[in-house]
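A short worksheet on the structure shown next.
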Amino acid sequence: MRLIEKVWFHGHSAKWILVPLLLPFMMLFFMLSFIRRVAYQLGLLKQIKLSVPVVIVGNIGIGGNGKTPLTLYLVEKLSKQGIKVGVVSRGYGSKAPHYPYQVCAKSSAEQAGDEPLLIFQRTGINVAIGADRIAGCRLLIEQGCELIIADDGLQHYRLARDFEFVVVDGKRLFGNGLLLPAGPLRESKSRIKSADCLVVNGESLWQEKMASSTLPILTMQLSANKVVNVKTGVSIELKTFLTQNIAKSQAVNAIAGIGDPERFFKTLKQYGFVVASAQGFIDHQPYAIDDLQQFPRDMPLLMTEKDAVKCADFAQENYWYLPVDAVFSKNTSADAITQVIDEIAALTGK
């Protein structure tokens, strides 16, 4: 984990030096972002309204917090209602031959970016990437998409939206509560109030503080029931894989190049894995085979699905990934998420 992330989320002692140094830059960031947002609200900068509904799945901070699993959940539920859904993404770190770029079966993680490729491989729907999300959306509309989900586009105010999800990591929440670069936030916490739905990934006492809010608040968990071999694509039930490992008295190694690698490592332990060695990488880590040479091939190496799409070209037989799905907590009203899905579906007239 980078030092600045330790300062943001774990109160590292370096905060007494770094935060005061970064406060002037934070104020500049706040002023510029505030002026930009107000300019869109007043019409001084033009928002582009598209011919199909746009649903934003975003957050007010940086780093992974469950946006992609929520996007996958929405795609599945809306598709079942007969809606042709497309996903637009910036494609962080991508090196596509052109933009906007439509992800296809031949796309590599380098071309498409890890999360857009993951979404395409999981769902087979139309996925477009590019910094100009308007152009990406128009490409999707040309493909017949009736509703577009913007995976991480909350601050892309040029794109008019019909519904906003704000996703919050129930464990890390807002870190030290400061804006970039002194903290992890792209917008202040008050921004949440103007969203249409708040999704908290994991149980958190913070939800109790929001109980009086009129904003719909849903509690999401990430659940896994299988592991998949990165090289062969063969999947094995999680319980079976665990039983086999226990029978062999075998531990596993683990890697994670996501916003909070420790979350993945703790998840493995909660499922019953004995983790011999765990290495966290930066979010969107561009893996090469040399990065993983230290892990022995006679022991399973577990990774996230996001990591797997970048390791597929050089995968060894001991590489496995753990696909996760969004499920909604039992203490969330049984009708709450269904009601939200129906509200979004109604935007298309279906």
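Some observations on this one:
- Cα-based shape type of segment 44-100, given that a ≥ b ≥ c are square roots of the gyration tensor eigenvalues and the cut on a/c is 1.5: rounded
- Relative contact order of the chain, defined on C-alpha pairs under 8 angstrom at six or more residues apart (%): 20 percent
- Cβ crowding within 10 Å ranks ILE255, ILE4 as ILE4, ILE255, fewest other Cβ atoms first.
- Relative contact order of segment 1-141: 19 percent, from C-alpha pairs under 8 Å at least 6 residues apart in sequence.
- Label separation (LEU28 vs GLN41): 2.5 nm, computed from points 7 Å beyond Cα along the C-beta direction.
- Reported to the nearest whole Å, the Cα centre-to-centre distance from segment 37-75 to segment 249-328 is 30.
- Of the cross-linked pairs LYS6/LYS77; LYS193/LYS269; LYS15/LYS171; LYS15/LYS310; LYS95/LYS269, those separated by over 27 Å at the C-alpha level are LYS6/LYS77; LYS193/LYS269; LYS15/LYS310; LYS95/LYS269.
- Computed over segment 225-323: relative contact order in percent, which uses C-alpha pairs under 8 Å that are six or more apart: 36 percent
- Ordering LYS77, LYS239, LYS306, LYS6 by the number of other Cβ atoms within 10 Å of each residue's own Cβ, fewest first, gives LYS239, LYS6, LYS77, LYS306.
- MRE, 222 nm, helices only [DSSP H, n ≥ 4, -39500 (n - 2.57), over the chain, to nearest 500]: -10000 deg cm²/dmol
- Intensity falloff of segment 225-323 expressed as log10 I(q)/I(0), Debye formula with alpha-carbon point scatterers, at q = 0.17, 0.18, 0.23 Å⁻¹: -0.68, -0.77, -1.33
- By the beta-carbon count within 10 Å of each Cβ, the least crowded to most crowded order of TRP16, TRP320, TRP206, fewest first, is TRP16, TRP206, TRP320.
- Cα gyration tensor shape of segment 35-77, rounded if a/c is under 1.5, else prolate or oblate by comparing a/b with b/c: oblate
- Listed by number, the DSSP H helices of the chain that run 27 Å or longer by alpha-carbon position along their axis and have mean Kyte hydropathy of at least 0.0 are 15-41.
- If you model the chain as an ellipsoid using its alpha carbon gyration tensor, with each semi-axis the square root of five times an eigenvalue, the axes come out at 32, 25, 21 Å, biggest first.
- Based on the Stokes-Einstein relation at 37 °C and a viscosity of 0.692 mPa s, and on the Kirkwood radius from alpha carbon pairs, segment 140-274 is assigned a translational diffusion coefficient of 178 µm²/s.
FYI, it's all coordinate maths here, none of it is from the lab. Everything numeric here is computed off the predicted structure, so don't read it as measured data. Here Cβ is always computed from backbone atoms with ideal geometry, including for glycine, and neighbour counts include all displayed protein chains.
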